[in-house]
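**Student:** Handing you a structure now.
The values are calculated or read from the model by the stated rules, or taken from the named source; none is laboratory data. The structure presented is a predicted model; accordingly, all values stated were derived computationally and were not measured. Neighbour counts are summed over all protein chains in view; Cβ atoms, including those assigned to glycine, are modelled from backbone coordinates with ideal geometry.
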Amino acid sequence: MHYFFVEGQALTGSNEVALSAEDINHAYRVLRLTVGDQIVVADGLGRARIGRITLLSSQKVLCSPGEELAAAESPLKITIFQSLVKGDKMDLIVRQAVELGVHSIVPVITTRSVPHRDNKQDQKRLLRWQSIVRSASAQCRRACLARVEPVQGLDSILLRLAGFKTLVPWEEEKTVPLSKILRQPCPSDRIVFLLIGPEGGFASAEIDTLRKTGAETVTLGPRILRSETAAAAVMAMVQAHWGDLSGEGEQV
């Protein structure tokens, strides 16, 4: 069943909802749906319902919501603070994080980040990442749209980390494996922050600063992973132990 987001429209009662202009073209010209076809509509806030198309044209598509679907959201609220990486690697990180159930994504400029800060470019990137979140969420049947925040400097996020479970994969950490941390009970607030370094890794001074906030450095094993690989690997491990990736996450 085809999946569409109708952000800003309430999926309550029997009120019809309208597809966005972008989705109208996809439904009408690409999918060639017809009146009476069933689709899924989600509000981006956690609710999804099976609906039936009641009006379809090249200008407007209306749907009457029906049966509500069970939520497919992780019990964890994971935020990835991702150091910017070059090329389209950030696109891949965003897509994979959404599929793995991320709650929010914060692009961060660190000492060894490759892209340079450019306000106009930052805005273009943000819009692209938000579009990727939308398409990836529909693909994996999520009813919540993960938040992608504007690009920020490392210093601007430090106050947010204090008091929360914050894990930092770091190639220089040799004694604390991530698996050891994940054998501990899940945080009672079920909030987890993950800080992923750039292709050159975090600088030692940045690690010292992060540790002062209570962040814990961990090792992912003997191999050096690319930034985009590390992000997916850490997300998967955290979700498997504390979340719902294994289908039997820890209950707290």
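**Student:** When you check residue 151 against the structure, is it touching a residue at least 12 places away in the same chain (Cβ under 8 Å), closer than 25 Å to residue 240 by Cβ and surrounded by 19 or more Cβ atoms within 10 Å (Cβ to Cβ), yes or no?
**Tutor:** Working: touching a residue at least 12 places away in the same chain (Cβ under 8 Å): yes; closer than 25 Å to residue 240 by Cβ: no; surrounded by 19 or more Cβ atoms within 10 Å (Cβ to Cβ): yes.
Against the criterion (touching a residue at least 12 places away in the same chain (Cβ under 8 Å), closer than 25 Å to residue 240 by Cβ and surrounded by 19 or more Cβ atoms within 10 Å (Cβ to Cβ)), residue 151 does not qualify.
**Student:** Hey, another quick one. Right, residue 87: of a type in the set (Gly, Ala, Ser) and free of Cβ contacts under 8 Å to residues at least 40 places away in the same chain or not?
**Tutor:** So residue 87 passes the test.
**Student:** Would you pick out the residues in region 161-179 that are of a type in the set (Lys, Arg) and modelled with pLDDT under 95?
**Tutor:** Residues of region 161-179 of a type in the set (Lys, Arg): 165, 174.
The one that is of a type in the set (Lys, Arg) and modelled with pLDDT under 95: 174.
**Student:** Between 126, 145, which is of a type outside the set (Val, Ile, Thr), within 17 Å of residue 102 (Cβ to Cβ) and either crowded, with 20+ Cβ neighbours inside 10 Å or not assigned by TED's automatic domain parsing to the domain that holds residue 225 (or both)? Walk me through it before giving the result.
**Tutor:** On the way: 126 fails: either crowded, with 20+ Cβ neighbours inside 10 Å or not assigned by TED's automatic domain parsing to the domain that holds residue 225 (or both).
So the residue among 126, 145 that is of a type outside the set (Val, Ile, Thr), within 17 Å of residue 102 (Cβ to Cβ) and either crowded, with 20+ Cβ neighbours inside 10 Å or not assigned by TED's automatic domain parsing to the domain that holds residue 225 (or both) is 145.
**Student:** Looking only at residues in region 1-45 that are exposed (fewer than 14 other Cβ atoms within 10 Å of the Cβ) and of a type in the set (Gly, Ala, Ser), which one is farthest from the chain's Cα centre (by Cα)?
**Tutor:** Among residues in region 1-45 that are exposed (fewer than 14 other Cβ atoms within 10 Å of the Cβ) and of a type in the set (Gly, Ala, Ser), the one farthest from the chain's Cα centre (by Cα) is 36.
**Student:** Another question about this same structure. Can you tell me which of (1) closer than 14 Å to residue 142 by Cβ; (2) crowded, with 20+ Cβ neighbours inside 10 Å; (3) free of Cβ contacts under 8 Å to residues at least 60 places away in the same chain; (4) under 17 Å from the mean Cα position of the chain (by Cα) is the one residue 107 doesn't meet?
**Tutor:** (1)
**Student:** For region 61-71, indicate whether the set of residues that are touching a residue at least 60 places away in the same chain (Cβ under 8 Å), part of a loop (DSSP other than H, G, I, E, B) and surrounded by fewer than 18 Cβ atoms within 10 Å (Cβ to Cβ) is non-empty. Spell out how you get there, then give the answer.
**Tutor:** Quick first cut of region 61-71, residues touching a residue at least 60 places away in the same chain (Cβ under 8 Å) only: 69, 71.
With part of a loop (DSSP other than H, G, I, E, B) added as a condition, the list becomes 69, 71.
Next, only the ones that are surrounded by fewer than 18 Cβ atoms within 10 Å (Cβ to Cβ) stay: 69, 71.
Yes, the conditions are met somewhere in region 61-71.
**Student:** Still on this structure, I have one more. Please go through (1) at negative phi; (2) modelled with pLDDT of 95 or more for residue 214 and return the number of the only condition it doesn't satisfy.
**Tutor:** Answer for residue 214: the failing condition is (1).
**Student:** Any residue in region 176-204 that's surrounded by 14 or more Cβ atoms within 10 Å (Cβ to Cβ): show its pairings with residues that are assigned to a loop (DSSP other than H, G, I, E, B) and of a type in the set (Gly, Ala, Ser) at Cβ separation under 7 Å, as long as the two are six or more apart or on different chains.
**Tutor:** Filtered contacts from region 176-204: 195/215; 198/113.
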